[in-house]
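This structure is in structure tokens; I'll ask about it shortly.
The values are calculated or read from the model by the stated rules, or taken from the named source; none is laboratory data. Just so we're clear, the structure is a prediction, and the values are computed from it rather than from any experiment. All Cβ positions, even for glycine, are placed from backbone atoms using ideal geometry, and neighbour counts span all protein chains on display. Heads up: the accessible areas ignore ligands, DNA and RNA and are worked out on the full protein's heavy atoms, side chains in. Shrake-Rupley method; radii C 1.70, N 1.55, O 1.52, S 1.80 Å.
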Amino acid sequence: MSCKSSNFWIGLGIGSAVGALAYHFSRTQRAKKLKEDVYDAINKISNEAKEALNSAEEHAMHAGVKVADKVAGKAHEAADKADNLKDKVHDIADHAKK
């Protein structure tokens, strides 16, 4: 048991030393600068993704407007043809009454 207990204490001591060093180096100016750089990069990527999404939405809306305009144009043409047909039918009916 003493060998296993001894290994435990050695591992605990090494782990504590590594943890203390990691904590110490994480508090240095260089580590803070690295942390800021990482956050800045993440924010930049996030902003670029938002801009790309907004641009894609604008393109989709623009394309949707174009399609809606085309459909409205075709519907207007069909309505005009229906009106012309209605006028012709009324003309034929008027001539048939005479």
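By how many degrees, 0 to 90 and rounded to 10, does the Cα axis of helix 2-26 deviate from the longest principal axis of the chain?
Roughly 60 degrees, rounded to the nearest 10.
Take the chain, connect every pair of alpha-carbon atoms lying under 10 Å apart with a spring to form a Gaussian network, then pick out the residue of G64, G13, G73 with the largest mean-square fluctuation.
In the Gaussian network model the winner is G13.
Leaving out ligands, DNA and RNA, what percent of the accessible area of the chain is carbon and sulfur, probe 1.4 Å?
On the way: 5780 of 9040 Å².
On the chain, the fraction of accessible area on carbon and sulfur atoms equals 64 percent.
Something else now. Can you tell me the alpha carbon radius of gyration of the chain divided by the globular rule-of-thumb value 2.2 N^0.38 Å? Intermediate results must be reported in sequence, preceding the final value.
On the way: Rg = 38.6 Å, N = 98, 2.2 N^0.38 = 12.6 Å.
For the chain, the normalised Cα radius of gyration is 3.07.
Excluding H59 itself, what net charge comes from residues whose Cβ is under 14 Å from its Cβ, given Lys and Arg +1 and Asp and Glu -1? Kindly include the intermediate steps, with their values, before the conclusion.
Working: positive: K66; negative: E51, E57, E58.
So the environment of H59 carries a net charge of -2.
In addition: Where only protein heavy atoms count, and the probe is 1.4 Å, what is the accessible area per residue for the chain in Å²?
On a per-residue basis, the chain sits at 92 Å².
Name the residue, out of K81, K35, K70, whose mean-square fluctuation peaks in a Gaussian network model built on the chain with Cα pairs under 10 Å.
Between K81, K35, K70, it is K81 that shows the largest mean-square fluctuation.
Within the chain, how many lysine pairs that are 8 or more places apart, or on different chains, have C-alpha atoms less than 20 Å apart?
10
Could I ask something else about it? Relative to the longest principal axis of the C-alpha atoms of the chain, give the angle of the C-alpha long axis of helix 29-97, reported between 0 and 90° and rounded to the nearest 10°.
That works out to roughly 10 degrees.
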